[in-house]
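To start, the structure itself, in structure tokens.
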Amino acid sequence: IPWENKLLSIAGHTKDPSETIQIKAFDLQTGTWSILKTYGKAPVSRGGQSVTLVGSTLVIFGGQDAKRTLLNDLHILDLETMTWDDFDAVGVPPSPRSDHAAAVHAERYLLIFGGGSHATCFNDLHVLDLQAMEWSRPTQQGEIPSPRAGHAGVTVGENWFIVGGGDNKSGASETVVLNMSTLVWSVVTSVEGRVPLASEGLSLVVGSISGEDILASFGGYNGRYNNEVNVLKPSHKSTLQSKIMEAPVPDSVSAVQNATNPTRDLESDFEVGQEGKIREIVMDNTDSEHMKSKGEETSELIIATLKAEKEELESSLNKEKLQSLQLKEELTQAETRNTDLYKELQSIRGQLAAEQSRCFKLEVDVAELRQKLQTMETLQKELELLQRQKAASEQASLNAKQRQGSGGVWGWLAGSPPQNADDA
């Protein structure tokens with residue numbers, strides 16, 4: 001946002017977000033960046049918001065925070081005191097969204113158009129009365145634009161030009177204008193094919209050359225990033241005058257033919273770099289024969305482009321089909337291998353079950369043998385005990401006999417007569 005001798009950069013997505021919005025200033029004289037100190041409660045950091053300069057204040061609406069939560073809050077920064085204020089306006093605000101467009105009319109009315117949520121894009125129009133702080137949703141008239149997000153807009157007088165944007169499926173090919181006094185939409189021009197003008201995230205500014213207003217767009221993303229510059233010259237000699245008369249839009253609103261409008265390089269008017277490309281959409285009436293020949297050339301170019309795209313798509317389709325067949329074959333082979341492995345697994349499971357059963361039987365046999373072994377050891381010990389007892393008994397009997405025999409002999413030698421015949 002241009003302010004005094006500075007350019008202000010407000011919010012936006014970053015890899016390392018802060019908790020709240022920061023205001024950075026680029027000094028056009030010294031070529032240096034700085035962070036401006038603000039007061040009050042700063043809004044939560046976000047990207048995809050709209051920032052509109054109204055007098056000496058910035059009006060910030062909506063966007064998406066670092067957690068991808070969509071917002072529809074309203075904040076105002078007074079650039080003279082650098083103080084934040086948040087407002088709860090009455091009425092029904094726009095639903096939470098990001099990548100919408102905003103403009104101010106008569107320094108009083110803030111207009112919000114389009115934008116998107118995580119699931120859909122919008123083409124609704126909301127108006128905030130900055131004096132009464134009240135939201136409203138007026139009835140739109142004319143050729144209402146298709147839903148879009150990521151578009152860009154600039155105001156020329158009471159006319160609000162909207163360029164580009166998309167609905168996540170295709171880019172918006174129509175450049176449209178809204179008369180902010182009558183709320184009537186008109187189509188300014190249309191482009192064909194995937195061109196940078198039908199992109200999301202392009203930038204748009206208004207300027208003047210030789211006293212004539214021009215719109216200049218740069219960049220954008222429509223499947224690939226672009227660095228193309230396009231220039232639109234709003235002309236009062238419009239070929240859509242009858243349509244403007246039907247829907248009362250002031251003569252300052254410019255409109256042109258459809259996509260068959262001729263284009264020419266502006267190398268004679270603008271200096272173009274080797275890699276840069278500037279293209280002008282001319283909106284003045286020209287000689288009919290010249291337009292016809294240019295239209296035929298444009299049609300042939302479009303047809304050739306479409307044929308080239310068709311051939312490229314067919315080639316891609318054939319590659320996809322071939323890859324699909326290869327994947328199917330690999331899938332069939334994998335399923336066959338899977339079947340074989342499953343059968344082998346079942347066989348191994350059967351063998352494992354048989355081995356487990358055999359192991360169980362062996363364990364039972366081992367337990368029985370251990371029990372028998374313990375019994376045999378007990379019997380062996382008892383047998384040894386009996387053998388020792390027997391040996392002791394035999395030894396004792398032998399000793400007794402020996403004592404009896406030796407006593408009789410000594411007694412006889414000593415003259416002692418035997419007691420009885422048994423002793424003798």
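The values are calculated or read from the model by the stated rules, or taken from the named source; none is laboratory data. On a predicted model such as this, the values are computed, not experimentally measured, just so you know. As a convention, Cβ positions derive from the backbone with ideal geometry for all residues, glycine included, and neighbour counts pool all protein chains shown. Remember, those area values only see protein heavy atoms, side chains included, never the ligands or the DNA or RNA. Shrake-Rupley method; radii C 1.70, N 1.55, O 1.52, S 1.80 Å.
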Distance from the stretch 118-146 to the stretch 155-181 (C-alpha centre basis), Å: 13 Å
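What fraction of the DSSP beta bridges in the stretch 1-103 is antiparallel, stated in percent and rounded to the nearest 5?
On the way: 30 of 31 bridges.
Taking every DSSP beta bridge within the stretch 1-103, about 95 percent pair in antiparallel fashion.
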Net length gained if the chain between GLN141 and ALA106 were fully extended (0.36 nm per residue, minus Cα distance): 10.6 nm
Added length on full extension, which subtracts the Cα-Cα distance from 0.36 nm per residue, LEU325 to THR14: 107.7 nm
Under Karplus coefficients 6.51, -1.76 and 1.60, residue-wise ³J(HN,Hα) of the stretch 109-114 in Hz, glycine/proline x: 10, 9, 9, 10, 10, x
Compactness relative to 2.2 N^0.38 Å, alpha carbon Rg of the stretch 1-129: 1.05
Pairwise label distance in nanometres, ASN318 with THR332, each label 7 Å out on the Cα-Cβ vector: 2.3 nm
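Note the count of lysine pairs whose C-alpha atoms are less than 19 angstrom apart in the stretch 2-232, limited to pairs 8 or more residues apart or on different chains.
Working: LYS6/LYS24; LYS6/LYS37; LYS15/LYS24; LYS15/LYS67; LYS24/LYS37; LYS24/LYS41.
Taking the stretch 2-232 as the scope, the lysine pair count is 6.
Treating only the Cβ atoms of Lys and Arg (+1) and Asp and Glu (-1) as charged, compute the dipole magnitude of the stretch 2-232 about its Cα centre; round to the nearest 20 debye.
Computed charge dipole of the stretch 2-232: roughly 680 debye.
I need to check one value: relative contact order of the stretch 1-47, counting alpha carbon pairs closer than 8 Å and at least 6 residues apart, in percent. It would help to have the intermediate numbers written out before the result.
Numbers: 70 pairs, mean separation 18.1, N = 47.
RCO, the stretch 1-47: 39 percent.
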Rounded accessible area of LEU369 (nearest 10 Å², 1.4 Å probe): 110 Å²
Per-pair calculated FRET efficiency, R0 = 45 Å: LYS390 and LEU362 via Cβ, rounded to 0.05: 0.65
Size of the stretch 2-232 as Cα extents on the principal axes (Å, biggest first): 48, 43, 40
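In the stretch 27-134, which GluC sites (Glu not before Pro) fall in coil by DSSP and have 12 or fewer other Cβ atoms within 10 Å?
On the way: sites: GLU80, GLU107, GLU134; in loops: GLU80, GLU107.
Within the stretch 27-134, the qualifying GluC sites (Glu not before Pro) (loop, at most 12 other Cβ atoms within 10 Å) are GLU80, GLU107.
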1.4 Å probe accessible area per residue over the stretch 2-232, in Å²: 48 Å²
Stretchable slack from ILE35 to ARG403, in nm (0.36 nm times residue separation minus alpha-carbon distance): 119.5 nm
